[in-house]
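The values are calculated or read from the model by the stated rules, or taken from the named source; none is laboratory data. Note that the structure is a prediction, hence the values are computed from the model and not measured. Here Cβ is always computed from backbone atoms with ideal geometry, including for glycine, and neighbour counts include all displayed protein chains. Just so you know, the surface numbers come from the protein's heavy atoms only, side chains and all, with ligands and any DNA or RNA stripped out. Shrake-Rupley method; radii C 1.70, N 1.55, O 1.52, S 1.80 Å.
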Amino acid sequence: MSRAAIVVNPVKMDEAALRAALEAAERRHGWEDTLWLETTEDDPGTGQAREALEHGVDVVIAAGGDGTVRTVAEELSGTDTPLALLPSGTGNLLARNLDLTLDDVEHALDTAFDGDDRPIDVGIAELRDGDRTEKRAFLVMAGIGMDAQMIAATDDDLKAKAGWLAYVKAITTVLRDKNELRLRYQLDGGRTHSMHAHTVLIGNCGSLPANILLLPEASVDDGLLDIVVLRPEGFTGWLRIMVKIFWENGVLRRTSAGRRLMGADKEVRAMNYLKGRELIVKLSRPEDVELDGDLFGRVSSMRTRIDPGALLVRVPKGEGTARAE
């Protein structure tokens, strides 16, 4: 008989309801009792995912928010054990980008026990500041600058009550800060560029909550990183960025008629799009960095690269793709 493990963030999930749903799914599919592993404040999923692998389970279910998913995926990356998603929390960013069910526990568990495996890329970020070097995985996006500052400024209590809208207050706080990043970057070993910017976002996926399509060409399995550098000059620059993201990317680009209306894609001066397999960023001073919505302190430099097809994700039956040999 097959067996699953579930890594649960107890703060995000209703334990009684989830255990009942698990037992029902196990009976439907003829699986053994699921190995139940809870995250803690000291260990958000690393040790639990390792324990699941040691038990030789057939699938590991991440039940929690983006942080739980990222941490479990970091351990499963490069193995033949697939990750299944039971989303909870504010973002659910990977689930959104894979068009998975966000609010149907029964469907999510059916997918975990009887779905297909889809290989996706994993982003690797090497974070450096002085003598500190840390290597972490990300599935959706890494950000330096205003993006990370916004997460740092978000009130956790308000986020729990208002969800994604809590970031609106944080944005207004961050926009008062006129500090810009002074940075040098190198893409795929090419020449080094210098610039000033407000934020640098390196994406494995392109969509954010609230229908925001930030990186319209990003694909979770194309073996590439999609990068956007935001460097607006004053109110007009921010306005052009908002029009590009919310109107062109969020509305027009999603339909064939809208794409015809757009015509030739014109680059907005305040936004620079890049694409490659490796990006090295060096900063004039340490800045906040975030990976999939979690803060990882300040860095003076960051090397990001893509690990193609490194993670298997369980998706609904008929929606998987064959793993490349």
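Side notes on the structure shown:
- Segment 215-234, residues that are surrounded by fewer than 20 Cβ atoms within 10 Å (Cβ to Cβ), under 20 Å from Val140 (Cα atoms) and at pLDDT below 90: Pro216, Glu217
- Yes/no for Ala20 being open to solvent by less than 20 Å² (accessible area, probe 1.4 Å) and either of a type in the set (Gly, Ala, Ser) or not in a loop (DSSP other than H, G, I, E, B) (or both): no
- Pairs with Cβ under 6 Å, 6+ apart, first in segment 24-48 and touching a residue at least 24 places away in the same chain (Cβ under 8 Å) and acidic (Asp, Glu), second open to solvent by less than 80 Å² (accessible area, probe 1.4 Å) and part of a loop (DSSP other than H, G, I, E, B): Glu32/Arg3; Glu38/Pro10
- Matching residues in segment 17-55 - criterion: being closer than 19 Å to Pro87 by Cβ, among the aliphatic types (A, V, I, L, M) and either modelled with pLDDT under 95 or under 28 Å from the mean Cα position of the chain (by Cα) (or both): Ala17, Leu18, Ala21, Leu22, Ala25, Leu37, Ala49, Ala52
- Which numbered condition Thr133 misses (of (1) open to solvent by 50 Å² or more (accessible area, probe 1.4 Å); (2) at pLDDT below 90): (2)
- Among the criteria (1) outside any loop (DSSP other than H, G, I, E, B); (2) open to solvent by 20 Å² or more (accessible area, probe 1.4 Å), the one Asp42 does not fulfil is (1).
- Output for segment 45-56, where each listed residue is under 17 Å from Ala112 (Cα atoms) and buried (at least 21 other Cβ atoms within 10 Å of the Cβ): Ala49, Ala52
- Of the strands (runs of 3 or more DSSP E) entirely within segment 54-156, those holding at least 2 residues that are without any contact (Cβ under 8 Å) to a residue 12 or more places away in the chain and at negative phi occupy 132-138.
- From Gly163, Gly190, Gly237, residue being modelled with pLDDT of 90 or more, not in a strand (DSSP E or B) and not acidic (Asp, Glu): Gly190
- Among residues of segment 263-321, those that are of a type in the set (Val, Ile, Thr) and at pLDDT below 90, counted: 2
- Matching residues, segment 23-39, being surrounded by fewer than 20 Cβ atoms within 10 Å (Cβ to Cβ) and part of a helix (DSSP H, G or I): Glu23, Ala24, Glu26, Arg27, Arg28, His29
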